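The structure appears below as structure tokens.
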Amino acid sequence: MPESLGVGLASEKGDAHFFADRVIFKGEVLRRPANAKNCRILWEYLFLLLDDAGYAEIIRWEDHDRLVFRICQAEKLAKLWGLQKNRRNMTYEKLSRGMRYYYNNNIIAREPGRRLLYRFLQHPDEIRRLLRRQGGTYMSRRPKASEMASRENSDTDSESIQHSVPGVEEQQSASPSPDSVWVKPPLSPSVQRAAILLMDMRRSPTSEQQEPLDLSVKKGSP
């Protein structure tokens, strides 16, 4: 039989009945930890539960020295966290999403190949000291895979511009160089010679400044 409910208004959510300081889940009373009244951070809340033997059936230390812990009853843990955060629709799926955020912040990690087995990467006291040194913000997180891919694509785009084939930059420029026409590959030798001849004609003196043509060659020709 569940223990006496006492005074307080209840709200229902599926199999759970929430009160101010407890939740009845599938006929069992789950009480809010006495020392967690103002706790709103998930990793701190988990540590409080781990240090309270009354919640060992829900979450317990697997290896205290290595800070490895096991979640034994995920649904009950989710209801306790929902009671703590005043979120009646809390599920373990939502809670686990919050835990995954800690993977990128060097707070909590999953133990490889073990279901519902996790490890604090640092002792909570050390985490708090680091947070105080960083002004209350989480440690510099490792970039996610999507961010890494975005950065790699950005780097690739930059490199492709810097190492592009000759002539691409001139085509993209608003004012291309007048000589760029004969340095763009691929050009056949005949086209290059024609381009060079054209450039020489542009640079030659005007018709008024040209000397009279020597016609002796024509007169002496057969």
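The values are calculated or read from the model by the stated rules, or taken from the named source; none is laboratory data. Given the structure is predicted, the values throughout are model-derived calculations rather than measurements. Ideal geometry is used to build each Cβ from the backbone, glycine not excepted, and the neighbour counts take in all protein chains shown.
Flag not set for ALA194, criterion: at pLDDT below 90 and part of a loop (DSSP other than H, G, I, E, B). Of the set (1) under 21 Å from ARG128 (Cβ atoms); (2) touching a residue at least 40 places away in the same chain (Cβ under 8 Å), all apply to PHE18 but (1).
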